[in-house]
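What follows is a single structure, written as structure tokens, with notes after it.
The values are calculated or read from the model by the stated rules, or taken from the named source; none is laboratory data. From a predicted model like this one, the values you see are computed outputs, not experimental measurements. All Cβ positions, glycine included, derive from the backbone under ideal geometry; neighbour counts span all protein chains shown. What goes into the accessible areas is simple: the full protein's heavy atoms, side chains included, and nothing from ligands, DNA or RNA. Shrake-Rupley method; radii C 1.70, N 1.55, O 1.52, S 1.80 Å.
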Amino acid sequence: KNKKYKFFYALSLAWQLGFLIVLPIILLFLLGIFLDKTFKTSPLFLFLGIFLGIAFSSYSVYHSFLP
């Protein structure tokens, strides 16, 4: 029973970590593409979205798993 609990706990942490890292990066990447097409500023918002996505993911992971 204890091994099963540890396995599901580790799986839960991995799932949460995946969402904390991937979701903001993808959403801000897509928002950057949309804003670049809207304002015709080719790589500006794309790079800004990627940078902000990585920064937000790092902040979220740091505050979720470290005290």
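The table for this structure:
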{"quantity": "Residues (part of a helix (DSSP H, G or I), more than 20 Å from L66 (Cβ to Cβ), open to solvent by less than 50 Å² (accessible area, probe 1.4 Å) and not aliphatic (A, V, I, L, M)) located in the stretch 8-44", "calculated": "G32, D36"}
{"quantity": "Subset of the stretch 45-66 (residues that are modelled with pLDDT under 95, surrounded by 13 or more Cβ atoms within 10 Å (Cβ to Cβ) and hydrophobic (A, V, I, L, M, F, W, C))", "calculated": "V61"}
